[in-house]
Amino acid sequence: MHTATWEQIKRGEVSDVYFARTVEVMRKAGIERHVAMEVRAASLPPRCGWAVFAGLEEALALLEGVPVDVEALPEGTVFHAGEPVMTISGPYTSFGVYETAILGMLCQASGVATKAARCKLAAAGRTVISFGARRMHPALAPMIERAAYLGGCDGVSVVASAQQLGIAPSGTMPHALILCVGDPVQAFRLFDQHVDPAVPRVALVDTVCDEKQEAIRAAEALGERLAAVRLDTPGSRRGDMLAIAQEVRWELDLRGYAHVGIFISGGLDEDNIPPLNAVATGYGVGTAISNAPVINFAADIVEIEGTPVAKRGKWSGRKQVLLCPTCGARRIVPADRPRKCACGAETVALLEPWMRKGTLSQPLPQPAAIRGRVLKQLEGLSLTDDPRRA
């Protein structure tokens, strides 16, 4: 009801009005310029030495049929502050009104993907599920959860989001089921009886009783079929979550339920996940991911009719980001410069051609492949990493 349609976005109606007025002035004055516009983030969110690029697929869909060429990082590429992530070139009046929409697509998706990647890294190999759709407008849920999945989340909770990704939705059970049934153990048994056997049995054990008592009762009721218990203790009762989880773990192990994992949710972020790794087998992360700080991309003209130009504070000319596979150095160079690293090795150009005159020039990767690319890059990163420069 209060969201823009894709048709409105494609018509350029979701645009800051000064872009629309600029195009109007240029067309009426008979002025046309072939420009190159660069998208980059001068800085990243606090404490972020790196970020994950996302939103490219939507931006390319918006530019489909527009007479422009696009070079960009592949979606899921880790980048650093100051590095260009996309260059759009073509007649300015053909794409100028899309600047607002393109930045919105890239800024939010990259912010969500980055926070998801950081939470996944903090979890040190444990499962992370995106639980944050309820914190944003429902029309945005598929976009948000796609970005979360690309960034490394193992699953998403919303049905429509999972369908778009080609995966099964992930979730446990809500407090509502237990309260409506009236007894936790009966709720566990009914869930086990009626829900698809392919769905892992994860019992929510903090609704009406002490967490360890409900965990023991869930394990006794479901036995080997119980995959995990979930702790979602409210803040007013929480105290020390690690101590609660350790107590539950002790009591389950003591009774022969070592196979039962511990899944924790509620107020989690990259800072409070690592201490819980001592006992947790998985996490549900909501607000921290869905409400992640956006990546503050800006779009600037850097070339007009083949001549390098730039406004104050920006570097003129088309650029390329080079990565040395031998020494790991990265550097930004003019697009037409030699690509040899200082160490003597051949570098890899990270900005790739994705569109030629409004038509895709290479196939778009599937979400699972993008996620795999992100996870591979995370193997060489830490939460405090900053780029190495040549």
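The values are calculated or read from the model by the stated rules, or taken from the named source; none is laboratory data. The shown structure was predicted, so the numbers you read here are calculated from the model rather than taken from an experiment. Methodologically, a virtual Cβ is constructed for each residue, glycine included, from the backbone with ideal geometry; neighbour enumeration extends over all protein chains shown.
Quick notes on this structure:
- Residues being of a type outside the set (Phe, Trp, Tyr) and over 17 Å from residue 76 (Cβ atoms) are entirely absent from segment 364-377.
- Filter result for the condition that a residue is touching a residue at least 24 places away in the same chain (Cβ under 8 Å), buried (at least 23 other Cβ atoms within 10 Å of the Cβ) and out of contact with any Leu (no Cβ under 7 Å at 6 or more places or on another chain), over 59, 109, 117, 72: 109
- Taking the listed residues 364, 360, the one that is within 30 Å of residue 100 (Cα to Cα) and under 18 Å from the mean Cα position of the chain (by Cα) is 364, with no other qualifying.
- Condition check for residue 383: touching a helix residue (DSSP H, G or I) at 6+ places or on another chain (Cβ under 7 Å), touching a residue at least 40 places away in the same chain (Cβ under 8 Å), in the same structural domain as residue 97 (by TED's automatic domain parsing) and surrounded by fewer than 18 Cβ atoms within 10 Å (Cβ to Cβ): no
- Filter pass, residue 192 being within 22 Å of residue 277 (Cβ to Cβ), among the acidic types (Asp, Glu), in the same structural domain as residue 255 (by TED's automatic domain parsing) and in contact with a strand residue (DSSP E or B) (Cβ under 6 Å, 6 or more places away or on another chain): no
- Number of residues in segment 195-207 that are surrounded by 13 or more Cβ atoms within 10 Å (Cβ to Cβ), in a loop (DSSP other than H, G, I, E, B) and either in contact (Cβ under 8 Å) with a residue 40 or more places away in the chain or of a type in the set (A, V, I, L, M, F, W, C) (or both) equals 2.
- Selection of first residues in segment 162-186 that are in a helix (DSSP H, G or I) and of second residues that are of a type in the set (S, T, N, Q), restricted to Cβ pairs under 8 Å at least 6 apart or on distinct chains, gives the following pairs, ordered by first then second residue: 162/170; 175/207; 178/207; 179/207; 184/207.
- Identity of the residue in segment 221-237, in contact with a strand residue (DSSP E or B) (Cβ under 9 Å, 6 or more places away or on another chain) and either assigned to a helix (DSSP H, G or I) or of a type in the set (Gly, Ala, Ser) (or both), that ends up farthest from residue 129 (Cα to Cα): 221
- Of everything in segment 263-281 that is surrounded by fewer than 23 Cβ atoms within 10 Å (Cβ to Cβ) and within 17 Å of residue 215 (Cα to Cα), the residue that is farthest from the chain's Cα centre (by Cα) is 279.
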